[in-house]
Amino acid sequence: MWPFSQSAQEIELLQSVIDEMAHGNYDGAVPTLSGQLAPLSASLKHLKSTYASTFIALEKQREELTAIINALPNALIFVAEGRVSLFNDAAREMFGLRPTDKGKLLDELELPQSLFDAIHEFLSGSERRLDTRTTPNALMQTFQVSITRLENQATGQPSLHNANFVASFTDISQRAKTDALRRDFVAAASHELKTPVAGMSLMSETAQMALKDGDTATANAMLAQIHTEAQNLQALVLDLLDLARYEDIAPADERTDLIKTSKTTVATRRQRAQDKDIALVEEYHGLGLQEVFVPLHEADVVIILDNLLDNALAYTDAGTVRIDVEADAIKHTALIRVSDTGIGIEEKDFDRIFERFYRIDKSRSRVSGGTGLGLSLVKHAVEKAGGSIVVASQKGQGTTFNVSLPII
């Protein structure tokens, strides 16, 4: 028999150590006992050391796994028995989740309805994995969703309140929008290319028939028209190539003298202005120096000036087309203002004039050889430099485009 007073106290000490271990505390020391409790004390020391080492290893693995999960760009949510057991930083940022959301039922989270629809579709099926893309929701969000069942799923039809799975969400809204824009662009470009090509084919057939009939006047007229359409088609192809360059090539570290390029571009438009009896005026203000450099390739600056001046001349029948260039040394900004006394633009068209292939006056654009891509190219070039473009106009009272570009 153990002496009661001694063994009771020693057993209480061992019991307290076991209680601490049960709560995950392995820091306390195991008392070294003698007598009949010595083997138990030694075994407890060994057990505690083993558990502590195992606990440290598991904690390290948990930290590594958490770091890996949080480093993933897609949002992850783990669900066990219908409750959220874990989510990563991407899910927290994407859906505004909080630490207190752990342990909640999945349907208590404020996730987009399109994601719940995808989860319900997954739970109603028998496949172990579902990969799907949601349709755009009210906020125009589109998600790529991947859901995988966990092996410990209970038998029976799973529901939001008892399912075990991990769900991965990727916000592909911008990609979906870009895909839609590309589809629309291809459709519009195909239409724009189809029209002149079909016209040239018809005119060539007419010219051939006229030559067979000896009607050289008609044949020459058709050939002249084919030449004009070929020039328009060439301009359209060049504009399409410029658009592709803006979308597929990263901006290079380039700079161009805005003043020199502006004066050269205006000079190339003077004959056209004279032919239409339009005054073409250029002014340069607050420059101080003769050179003002902007972060664009010369071709991009030419695209901006060419299209703004060409539009002003095309939509002005009488009066003045004016270009003003001003440098603000304090704000490190160059301002380009192209104004005209032409037909003007209705306010309802302000948001659409920068769309590809959009034309305010289609008949006038067709006569002038406009491709409908000019202002879209201007906007791309301006945004490439980190600048902005704003239009001000009234129907019948002229139009002014204000372009702001950073100075380097």
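The values are calculated or read from the model by the stated rules, or taken from the named source; none is laboratory data. These figures come from a predicted structure and were not determined experimentally. We place every Cβ from the backbone using ideal geometry, glycine too, and count neighbours over all the protein chains shown. Accessible surface areas use protein heavy atoms only, side chains included; no ligands, DNA or RNA. Shrake-Rupley method; radii C 1.70, N 1.55, O 1.52, S 1.80 Å.
Quick notes
- A straight Cα-to-Cα reach below 25 Å connects residue 379 with the lysines 177, 260, 263, 331, 348, 362, 395, residues fewer than 8 places away in its own chain not being considered.
- Rounded D (µm²/s) - the chain, Kirkwood Rh over Cα pairs, Stokes-Einstein at 10 °C, 1.306 mPa s: 55 µm²/s
- Here the relative contact order of the stretch 1-118, from alpha carbon pairs under 8 Å that lie six or more residues apart, stands at 13 percent.
- Using C-alpha pairs under 8 Å with a sequence gap of at least 6, the mean separation divided by the residue count of the stretch 70-141 gives a relative contact order of 21 percent.
- Sequence ranges 385-398, 334-347, ranked by mean other-Cβ count within 10 angstrom, highest first: 334-347, 385-398
- Rounded to 10°, Cα long-axis angle of helix 298-314 versus longest principal axis of the chain: 50 degrees
- Nearest-ten-degree value, helix 258-275 long axis tilted from longest Cα axis of the chain: 40 degrees
- Per residue, the accessible area of the chain comes to 58 Å², computed with a 1.4 Å probe over protein heavy atoms only.
- Peptides 211-217, 11-17 ordered by packing proxy, namely the average of other Cβ atoms within 10 Å per residue, highest first: 11-17, 211-217.
- Working note: Debye formula, equal point scatterers on the alpha-carbon atoms of the stretch 23-160, no solvent; log10 I(q)/I(0) at q = 0.14, 0.16, 0.17 Å⁻¹ is -0.78, -0.92, -1.00.
- Relative contact order for the chain: 10 percent, from Cα pairs under 8 Å spaced at least 6 residues apart, divided by residue count.
- With every protein chain in place, the chain: carbon and sulfur % of accessible area (1.4 Å): 55 percent
- Set of aspartates and glutamates near residue 60 by C-alpha distance (under 18 Å), chain-local residues within fewer than 8 positions excluded: 27
- Rounded to the nearest 10 degrees, the inclination of helix 4-22 to the longest alpha-carbon principal axis of the chain is 10 degrees.
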